[in-house]
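Engineer: The structure's right below; bear with me while I get my questions together.
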Amino acid sequence: MSEQVLVVNSGSSSIKYQLIDMASEQALATGIVERIGLEVGRAKHEGLDGETVLERHVADHEEGMAIVLSLFAEHGPQIDESRLVAVGHRIVQGGSVFAGPALVDETVQQQIADLSPLAPLHNPAHVAGLTAARHAFPNTPHVAVFDTSFHQTMPPAAYTYAIDRDLADRYAIRRYGAHGTSHKFVSRHTAELLGKDPAEVNVIVLHLGNGASASAVQGGRCIDTSMGLTPLAGLVMGSRSGDIDPAVLFHLSREAGMTTDDLDNLLNRRSGMLGLSGHTDMRDVHDAVAAGDERARTALEVYYHRLRTYVGAYYAHLGHVDAIAFTAGIGENDDIVRENSMAGLEHLGIVLDLERNAGRKKTDTLISTDDSPVKVFVVPTNEELEIARESVALVTASQD
Ligand code: AMP
């Protein structure tokens with residue numbers, strides 16, 4: 001009988017889950033319980049008998065997880081605990097503590113809670129999800145897989161901010177990065193597509209979704225990434241600014257009287273493509289450009305410019321680049337962004353084949369020309385599968 005892993009991603013008001021069959025590496029069921037704690041909660045489960053939607057008050061993560069169990073029991077597939085090798089949890093912030101996945105016990109759960117100041121919106125929610133899932137599956141190993149772990153191989157030169165060292169140490173201020181599970185999955189898969197071992201290739205991964213990040217992966221190890229202490233740094237995103245001169249904040253504080261919360265809200269929720277064009281979703285930005293909107297056109301130019309800046313920087317650090325891999329919502333679906341962001345990089349050996357690039361990509365696709373020295377791929381990411389694989393590997397290793 002084939003092994004299964006339940007992958008859980010708990011947010012502050014939601015629990016997303018997938019039951020993955022490890023032989024086929026396919027999802028047997030996916031679902032979400034959302035609006036936890038609000039007046040009317042909502043659950044959606046896609047299992048054996050299609051889609052089930054449920055609306056009712058869901059007080060907390062404990063009740064949310066109980067609903068997940070009942071959805072599996074009523075609509076299948078049945079979760080057979082003897083086949084369930086692990087429950088794998090996505091955890092946003094592992095700080096400098098977790099360079100890889102960890103079997104969850106009281107100590108690990110407390111360490112995740114202790115890292116909350118670095119991810120105040122995420123880690124407390126993960127702890128609530130962990131507690132509920134450990135109650136629901138008391139006899140199954142739970143594994144925490146961290147978004148930051150893959151970036152722990154960065155050298156100090158890449159992760160250290162040029163500020164007062166004592167202050168930085170006291171408050172754990174450094175670059176941690178994010179989306180690491182995706183960067184790991186995509187960079188390894190890109191090596192496979194090249195027919196090589198990850199240790200033999202250098203890859204630049206461009207994870208372009210509503211949140212966006214780039215990473216430089218040298219021989220399978222991350223040596224630099226664009227997100228920082230938090231996922232605000234780096235590329236232009238849906239509603240996040242990415243890199244900005246920090247003095248803009250002092251200026252707005254002094255001149256516009258904005259508070260810390262105002263500035264947080266501005267850079268995290270009202271900037272990026274939204275701030276520049278009025279649209280968060282890249283499809284809306286393209287529609288606006290097609291309708292002659294100059295702001296939207298400029299917004300895209302800013303987006304491409306920043307992306308090329310990172311490609312150039314990572315090219316310099318890697319020395320030799322075997323491949324660039326586009327992934328996530330925009331990376332996989334948006335041929336306009338792929339074409340324009342790579343335009344003019346032929347002198348770096350990056351030559352797109354515009355016919356291959358055209359359209360949305362649901363599967364791995366080579367989009368560079370046959371003689372492009374740097375291969376460019378679209379590689380659909382699968383963070384849930386990566387979490388499941390890492391969970392199985394850790395549980396297996398711990399039983400040996
Ligand atoms: P993600 O955060 O990975 O779900 O990505 C969300 C982003 O992907 C949004 O900006 C969407 O505009 C973009 N996206 C999704 N589907 C498409 C599509 N068919 N064409 C262009 N962009 C898309």
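Since every read-out is calculated from the coordinates, none of them should be taken as a lab result. What you are looking at is a predicted structure, and each value in this text was computed from that prediction instead of being measured. FYI the Cβ positions are ideal-geometry reconstructions off the backbone, even for glycines, and counts take in every protein chain you see.
Engineer: In the Gaussian network model of the chain, springs joining C-alpha atoms below 10 Å, which of Ala29, Ala358, Ala291 carries the largest mean-square fluctuation?
Structural biologist: Looking only at Ala29, Ala358, Ala291, the biggest GNM fluctuation is shown by Ala291.
Engineer: Which residue, Thr225, Thr298, Thr181, tops the fluctuation ranking in a GNM of the chain built on C-alpha contacts under 10 Å?
Structural biologist: Evaluated over the chain, the most mobile residue of the options is Thr298.
Engineer: Multiplying the sequence separation of Asp105 and Ile244 by 0.36 nm and subtracting their Cα-Cα distance, what value in nm do you get? Before the final figure, lay out each step's value.
Structural biologist: Numbers: separation 139, 0.36 × 139 = 50.04 nm, distance 3.95 nm.
Here the answer is 46.1 nm.
Engineer: Moving on. At 0.36 nm per residue, minus the direct Cα-Cα distance, what do Asp197 and Thr52 gain on full extension? Give it in nm, one decimal, please. Present the calculation step by step, with values, prior to reporting the outcome.
Structural biologist: Values: separation 145, 0.36 × 145 = 52.20 nm, distance 4.21 nm.
Between Asp197 and Thr52, full extension yields 48.0 nm more.
Engineer: Sticking with this one: If you take the beta carbon distance between Ala66 and Glu25 as r and set R0 to 30 Å, what does 1/(1 + (r/R0)^6) give as a FRET efficiency, to the nearest 0.05?
Structural biologist: Calculated transfer efficiency: 0.60.
Engineer: Taking R0 as 35 Å, what FRET efficiency do you get between Thr160 and Glu339 from their Cβ-Cβ distance, rounded to the nearest 0.05? Spell out each step's value before the answer.
Structural biologist: Details: r = 36 Å, r/R0 = 1.02.
In this case the efficiency is close to 0.45.
Engineer: Below 8 Å between Cα atoms, with a sequence gap of 6+, how large is the relative contact order for the chain in percent?
Structural biologist: Values: 827 pairs, mean separation 55.6, N = 400.
The value is 14 percent.
Engineer: Find the lysine pairs in the chain meeting two conditions, Cα atoms under 28 Å apart and a separation of 8 or more places or different chains, and report how many there are.
Structural biologist: The number of close lysine pairs in the chain is 15.
Engineer: Same structure again: At 0.36 nm per residue, minus the direct Cα-Cα distance, what do Ala113 and Tyr171 gain on full extension? Give it in nm, one decimal, please. If you can, show how the numbers build up before the last one.
Structural biologist: Values: separation 58, 0.36 × 58 = 20.88 nm, distance 1.57 nm.
Stretched fully, the Ala113-Tyr171 segment lengthens by 19.3 nm.
Engineer: May I ask you to evaluate 6.51 cos²θ - 1.76 cosθ + 1.60, the Karplus curve with θ = phi - 60°, for each residue of segment 354-368 and list the ³J(HN,Hα) values in order in whole Hz, giving x for glycine and proline?
Structural biologist: Each residue of segment 354-368 in turn: 5, 6, 5, 6, 4, x, 7, 10, 8, 10, 4, 9, 7, 10, 9 Hz.
Engineer: Per residue of segment 143-148, what does 6.51 cos²θ - 1.76 cosθ + 1.60 with θ = phi - 60° give for ³J(HN,Hα)? Whole Hz please, x for Gly and Pro, Karplus curve as stated.
Structural biologist: So the Karplus estimates, Gly and Pro as x, are 10, 9, 10, 9, 5, 8 Hz.
Engineer: Still on this structure: Considering only DSSP beta bridges with both partners in the chain, what is the antiparallel share in %, to the nearest 5? Provide the component values of the computation, followed by the final result.
Structural biologist: Working: 42 of 62 bridges.
Percent antiparallel among DSSP bridges in the chain is about 70.
Engineer: Pairs of Cα atoms under 8 Å, at least six residues apart: use those to get the relative contact order of segment 1-117, whole percent.
Structural biologist: Working: 195 pairs, mean separation 26.9, N = 117.
After rounding, I find 23 percent.
Engineer: Here's something else I'd like to know. Quick one: dipole size for the chain, taken about the Cα centre, charges +1 on Lys/Arg Cβ and -1 on Asp/Glu Cβ, in debye to the nearest 20. Don't skip to the end; give the middle numbers.
Structural biologist: Numbers: 32 positive and 54 negative charges, 133 e Å.
So the dipole magnitude of the chain works out to roughly 640 debye.
Engineer: A further question on this structure: FRET efficiency for Glu294 and Ala73, Cβ-Cβ distance as r, R0 = 56 Å, nearest 0.05?
Structural biologist: On the way: r = 56 Å, r/R0 = 0.99.
Approximately 0.50, to the nearest 0.05.
Engineer: How do Met22, Met154 rank when sorted from fewest to most other Cβ atoms within 10 Å of their own Cβ?
Structural biologist: Numbers: Met22 18, Met154 21.
Fewest-to-most ranking of Met22, Met154: Met22, Met154.
Engineer: Quick one: check the C-alpha center-to-center distance for segment 292-358 versus segment 1-40, whole angstrom.
Structural biologist: Using only Cα atoms, the two centres lie 33 Å from each other.
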